1. Run the paramagnetic zone check for Glu199: 7 angstrom along Cα to Cβ, then residues of the stretch 249-266 with backbone nitrogen under 14 Å.
2. Over all alpha-carbon pairs in the stretch 25-172, figure out the percentage whose distance exceeds 24 Å.
3. Ordering Val292, Val44 by accessible area with a probe of 1.4 Å, largest first, what comes out?
4. Would you kindly state how much longer the chain becomes between Asn47 and Leu333 on full extension, computed as 0.36 nm times their sequence separation minus their alpha carbon distance, in nm to one decimal?
5. Taking the mean number of other Cβ atoms within 10 Å as a proxy for protection, how do you rank 118-128, 323-333, 248-258 from highest to lowest?
6. Mind checking the stretch 169-215 for trypsin sites (Lys or Arg not before Pro) that DSSP puts in a loop (not H, G, I, E or B) and that have at most 11 other Cβ atoms within 10 Å?
7. Please report the accessible area of Glu90 (heavy atoms, 1.4 Å probe, ligands and nucleic acids excluded) in Å², nearest 10.
8. Show me, bin by bin at 5 Å from 0, the whole-percent P(r) of the stretch 141-276 based on Cα pairs.
Amino acid sequence: MKVGILTGGGDCPGLNAVIRGIVRKGEKVYGDTLLGFADGWRGVIDNEFSTLDVNRMRGTLPRGGTIIGTSRINPYMFSDGVEKVKRTVEENGLDAIIAIGGEGTLSCSAELFREGIPVVGVPKTIDNDIGITERTFGFDTAVHIATEAIDRLHTTAESHNRIMVVEVMGRHVGHIATWAGMAGGATMTLIPEYPFDIEEVCASLRRRHEKGRYASIVVVAEGAKPKEGTLSIKPDEYDEYGHIRLGGIGNLVAREIEGRTGYETRVTILGHVQRGGAPTAHDRVLSTRFGVEAIDTVHDKGFGQMVALQSNQIIRVKLADAVAELKYVSPQLWETAQEFFA
Ligand code: F6P
């Protein structure tokens with residue numbers, strides 16, 4: 001078979017390991033020809049690709065990022081985008097496209113499948129917010145990086161008797177914040193799913209510090225929101241999509257804590273450090289399993305499906321079902337996390 005591969009959306013540790021899994025099994029077991037489209041759907045629209053083979057994939061398993069590039073461009077942004085995708089598929093005699101991406105890339109893939117494009121999806125995002133799959137690769141790596149940062153911040157916070165606010169990624173969900181907060185022993189964690197009251201946050205910090213503890217770590221997901229009417233966010237702290245800017249909420253929370261409690265407070269915004277560099281062993285294994293299952297799915301003609309992890313088994317689910325809703329932090333996990341606040 002002739003199979004196209006693309007990586008779309010924000011990059012993520014483990015992308016190369018997925019591509020390697022597809023290429024290794026595709027070439028060695030099925031005798032496939034594999035094409036890597038440049039920069040996600042952009043390369044399919046523009047018919048820009050390079051050949052991927054076992055030789056080219058050597059040394060890529062531990063390498064972060066994606067060797068074929070990524071972008072957030074999708075065919076629905078252009079009036080002739082879908083036509084161009086169909087032309088690329090026809091001209092190159094493609095039997096399938098494997099799209100590795102997050103919510104945006106996979107929603108677009110579900111749509112293209114409805115229009116007759118033979119697509120198989122692989123879920124990717126450090127945010128771990130894609131429905132149906134229990135885990136996406138990249139998440140474990142991001143949590144490790146954030147946890148290490150929290151561990152490091154503990155010692156400097158203790159030396160200076162300071163409050164440290166750590167902003168981590170997670171625009172719509174707080175998986176990274178919750179996990180890293182629990183693993184790092186954070187004093188408190190603020191996530192998008194549960195809006196916070198800044199006065200309650202400060203009251204807890206005061207109670208803790210009055211007991212003689214001076215250092216505190218507050219983990220804030222970038223999409224954390226104050227409870228309505230409790231704290232105003234300036235218009236310039238929002239980006240053009242109406243999301244609070246990266247660094248907006250962390251800075252705001254730190255400013256408010258220092259102003260309201262009088263305790264010296266510093267902020268660290270981890271940003272894209274969480275997405276860069278080598279994937280953890282866990283993510284390399286999950287990526288490899290996803291890659292192998294994706295090429296098997298192509299050969300079973302399971303188009304319109306996405307590979308997913310459930311009960312530690314790799315399964316196939318409908319793309320349309322996978323993108324129907326985001327996966328939020330479960331109330332049970334959040335309850336456990338809260339037991340350790342302040
Ligand atoms: O891939 C998901 C994500 O890392 C989010 O956590 C974050 O909000 C966003 O991407 C950042 O995107 P960009 O790389 O475009 O700044």
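The values are calculated or read from the model by the stated rules, or taken from the named source; none is laboratory data. Predicted model only: the values in this text are computed from it and were never measured. Neighbour counts are summed over all protein chains in view; Cβ atoms, including those assigned to glycine, are modelled from backbone coordinates with ideal geometry. With ligands, DNA and RNA removed, areas are computed over all heavy atoms of the protein, side chains included. Shrake-Rupley method; radii C 1.70, N 1.55, O 1.52, S 1.80 Å.
1. 260-261
2. 46 percent
3. Result of the area sort, largest leading: Val292, Val44.
4. 98.5 nm
5. Answer by packing, highest mean first, reads 118-128, 248-258, 323-333.
6. Lys211
7. Looks like 150 Å² after rounding.
8. Going from the shortest bin to the longest, the percentages are 2, 11, 22, 25, 21, 13, 5, 1, 0.
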